[in-house]
Structures are given as C-alpha cells and as structure tokens.
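K.L.:
Take a look at the following structure, please.
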Amino acid sequence: MRQQFMPTPIIGFLWCPGYLSRRPLYKVILRHRQSMSGRLLDIGCGRMPYREMFVVDQYYGIDVPVSGHRGSQSRPHAYFDGVNVPLADSSIDSVLVTQVLEHAFDVKSIVNEIFRVLKPGGCVLVTVPFVFPEHEVPYDFWRYTSFSLPRLMSEIGFEIRSVDKTGGFIETQTMLMTQYILHLLVPRGGRLGALLVTGLILAPIGMIGSAFAWLLPADKRLFIDLVILARKPLNAYAPKREVAEQVDVAG
C-alpha cells in the first residue's frame, strides 16, 4: 500500500498505476504535515494510507459504511453518515480530508462539521481532484476549481493558508492517457495484469510525459489535484449542537 499512495520515483513508476497523480499529491501532503498536530481526525480515512506520515498524539479515522470502495478496503475507528461527525465541538486539533469531498453530496454541511469539531487555531488539510476519471461510482459527485472550494471554506469561517495545484497541462493529459490504457487493458482491475501494464506500457508513457513537462513551460490552468491548507481562527465561534453519538477520542 505504501507504493500505491506514497510511491518512490523508480519503484513507483514501475509498480503504481496511478503514479502520475499519487506522487505529486504525496509530496504536497508531505510538505504540509508539520501543520498537523495533537489529535488528528482523518475523515473518509479508508485504510488510512497516510497515517505514518504524521507525528501526532492520536490518529483517529472515520468513514462511511457504504461507498464505491469495497468494504474490505476501509479500516476506520468508527463509521458515520457522511455528514454529521460524531465528535464534540472543538475536540480535534487537526483534520485530514484526502480525496473525499468529491464524494460528499452535501459539501457545505461536511465543511461546517469540520469547522465545528476543530479547536480554534487548528488546521485542516484538504485534497480533491480537479481532473480525474469518474471513480467509486455511483458516489462521485463533484470536481473543484482552485476558486470554488477555497471560497466555500472562507465563507464558513476558515482562514486559507495555502492553495496548491499538482501537475499541469502535460502531466494531466499524460495521466489521463495512462488511466485510459489501464481501464482498456485491465477492465476488471486484476492486480497482476495491472502490474504488467504499468511496468511495460504506463511507465514509459509516464517517463516521456514527465520529460516533456520538465522541458516545456509549466501551465497550471489544467491540473490534477487541488490541495488546501486552512486554519480555524483563534477567535472563531461555532454554534454548538447536540451530537447523537459522541466518540471518545481521548483514550
């Protein structure tokens, strides 16, 4: 799983079918990990692939019971309904939300919930795709520009600390080509077939695309993922609400 979500330059090229999107995303998360501390809540955690990256007092993951992923791929500490986070107001120091909000139909409500459970001064790190094929169907609802999600978060009360884009025109189009070939040649997601296609076909295409991206001027108008680091202001006030089932994250 490490090479799938945190691929290294050589092995990842040959092993990870999603290298062109996963590698730059991992690098941006790595750059922002120092902003995450204390009790960290991973919303839509799946198998918690980035857990080892963060040095925190406690890492706590929640996920929905039904999604486009197979159930065996989720390892949450608790399940929730996809909107209402079962934690008390201002009880979490940091929140991580990676590749999740495109699957949340009521985006504003879940962002409000993140704001509510964060302590004043706490940070949230959000990643979402801008260009990527439909996935986890039928639970793939949205794509976000670099203006839409930061604006929504600002209106709710967050201070936007940084907005990053991964990839550019060339990297994005190269990634789409590799995803097309992978879907065409490995329609059922067979692991061995995916490894063979990745090593023999996708890796050379990826290397050529990366070379062109290095040689030609960067253009970020088209990009793969959006990464937002935001902070809940120290003087923030979030209306309290009754939580039907609060989960103890102190133990």
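The values are calculated or read from the model by the stated rules, or taken from the named source; none is laboratory data. No experiment lies behind these values; they were computed from the predicted model shown. Please note: Cβ atoms are built from the backbone with ideal geometry, for glycine as well, and neighbour counts cover all protein chains shown.
K.L.:
Among the numbered conditions (1) hydrophobic (A, V, I, L, M, F, W, C); (2) out of contact with any strand residue (DSSP E or B) (no Cβ under 9 Å at 6 or more places or on another chain); (3) surrounded by fewer than 19 Cβ atoms within 10 Å (Cβ to Cβ), tell me where L234 comes up short.
P.N.:
With respect to (1) hydrophobic (A, V, I, L, M, F, W, C); (2) out of contact with any strand residue (DSSP E or B) (no Cβ under 9 Å at 6 or more places or on another chain); (3) surrounded by fewer than 19 Cβ atoms within 10 Å (Cβ to Cβ), L234 is out only on (2).
K.L.:
Let me ask something else about it. Can you pull out every residue in the stretch 124-149 that is outside any loop (DSSP other than H, G, I, E, B) and touching a residue at least 60 places away in the same chain (Cβ under 8 Å)? Before you say what the answer is, go through the steps one by one.
P.N.:
The initial filter retains those residues of the stretch 124-149 that are outside any loop (DSSP other than H, G, I, E, B), namely 124-129, 148-149.
The answer is V124, L125, V126, T127, V128, P129, L149.
K.L.:
When you scan the stretch 147-157, do you find a residue that is modelled with pLDDT of 95 or more, touching a strand residue (DSSP E or B) at 6+ places or on another chain (Cβ under 6 Å) and more than 23 Å from A236 (Cα to Cα), even just one?
P.N.:
No, the stretch 147-157 contains no residue that is modelled with pLDDT of 95 or more, touching a strand residue (DSSP E or B) at 6+ places or on another chain (Cβ under 6 Å) and more than 23 Å from A236 (Cα to Cα).
K.L.:
Which condition breaks for T98 when tested against (1) more than 23 Å from R161 (Cα to Cα); (2) touching a residue at least 40 places away in the same chain (Cβ under 8 Å); (3) of a type in the set (V, I, T)?
P.N.:
Of everything listed in (1) more than 23 Å from R161 (Cα to Cα); (2) touching a residue at least 40 places away in the same chain (Cβ under 8 Å); (3) of a type in the set (V, I, T), T98 misses just condition (1).
K.L.:
With the structure loaded, tell me whether S154 is surrounded by 13 or more Cβ atoms within 10 Å (Cβ to Cβ) and either among the polar types (S, T, N, Q) or out of contact with any Phe, Trp or Tyr (no Cβ under 9 Å at 6 or more places or on another chain) (or both) or whether it fails that test.
P.N.:
Working: surrounded by 13 or more Cβ atoms within 10 Å (Cβ to Cβ): no; either among the polar types (S, T, N, Q) or out of contact with any Phe, Trp or Tyr (no Cβ under 9 Å at 6 or more places or on another chain) (or both): yes.
In short, no.
K.L.:
If you don't mind, another one. Out of curiosity, is R143 among the charged types (D, E, K, R), in contact with a strand residue (DSSP E or B) (Cβ under 7 Å, 6 or more places away or on another chain), at pLDDT 95 or above and closer than 25 Å to R31 by Cβ?
P.N.:
Numbers: among the charged types (D, E, K, R): yes; in contact with a strand residue (DSSP E or B) (Cβ under 7 Å, 6 or more places away or on another chain): yes; at pLDDT 95 or above: yes; closer than 25 Å to R31 by Cβ: yes.
So R143 passes the test.
K.L.:
Just one of L196, L200 is free of Cβ contacts under 8 Å to residues at least 24 places away in the same chain, exposed (fewer than 12 other Cβ atoms within 10 Å of the Cβ) and not small (G, A, S); which is it? If you could, list the steps in order and put the result at the bottom.
P.N.:
Numbers: L196 fails: exposed (fewer than 12 other Cβ atoms within 10 Å of the Cβ).
Criteria check complete, one pass: L200.
K.L.:
Given the condition in a loop (DSSP other than H, G, I, E, B), of a type outside the set (A, V, I, L, M), modelled with pLDDT of 90 or more and closer than 19 Å to Y26 by Cα, answer yes or no: does some residue in the stretch 177-195 qualify? Reasoning before the result, please.
P.N.:
Taking the stretch 177-195 first, the residues in a loop (DSSP other than H, G, I, E, B) are 186-190.
When the remaining residues are screened for being of a type outside the set (A, V, I, L, M), the result is 187-190.
In the following step, the residues that additionally are modelled with pLDDT of 90 or more were identified as none.
For the stretch 177-195, residues in a loop (DSSP other than H, G, I, E, B), of a type outside the set (A, V, I, L, M), modelled with pLDDT of 90 or more and closer than 19 Å to Y26 by Cα: absent.
K.L.:
Starting from residues that are part of a loop (DSSP other than H, G, I, E, B) and of a type in the set (V, I, T), keep the ones in the stretch 82-104 and report whichever is nearest to F130 (Cα to Cα). I'd like the intermediate steps shown before the answer.
P.N.:
So the first thing to find is which residues in the stretch 82-104 are part of a loop (DSSP other than H, G, I, E, B), and the list is 82-91, 99-100, 104.
Now restrict to residues that are of a type in the set (V, I, T): 83, 85, 100.
Working: V83: 22, V85: 25, V100: 12 Å.
The residue in question is V100.
K.L.:
Let me ask something additional. Between a residue in the stretch 26-52 that is part of a loop (DSSP other than H, G, I, E, B) and any residue that is aromatic (F, W, Y) and modelled with pLDDT under 95, which pairs come within a Cβ distance under 8 Å, given they are 6 or more apart or on different chains?
P.N.:
That search, which allows pairs on different chains as well, returns P49/F5; Y50/F5.
K.L.:
To continue, here is another question. Looking only at residues that are among the β-branched types (V, I, T) and farther than 15 Å from L14 by Cα in the stretch 182-224, which one is farthest from the chain's Cα centre (by Cα)?
P.N.:
At the first step, the residues of the stretch 182-224 found to be among the β-branched types (V, I, T) are 186, 197-198, 201, 205, 208, 224.
The next check asks that each one be farther than 15 Å from L14 by Cα; those that pass are 186, 224.
On the way: V186: 24, I224: 12 Å.
My answer is V186.
K.L.:
Tally time: how many residues in the stretch 105-123 are in contact (Cβ under 8 Å) with a residue 40 or more places away in the chain and not in a helix (DSSP H, G or I)?
P.N.:
Our first condition is that a residue be in contact (Cβ under 8 Å) with a residue 40 or more places away in the chain; within the stretch 105-123, this holds for 107-108, 110-112, 114-123.
Narrowing further to those that are not in a helix (DSSP H, G or I): 118-123.
Counting residues in the stretch 105-123 that are in contact (Cβ under 8 Å) with a residue 40 or more places away in the chain and not in a helix (DSSP H, G or I) gives 6.
K.L.:
I would also like to ask the following. When residues of the stretch 207-251 are filtered for being modelled with pLDDT under 95 and within 29 Å of H77 (Cα to Cα), how many remain?
P.N.:
So the count comes out to 17.
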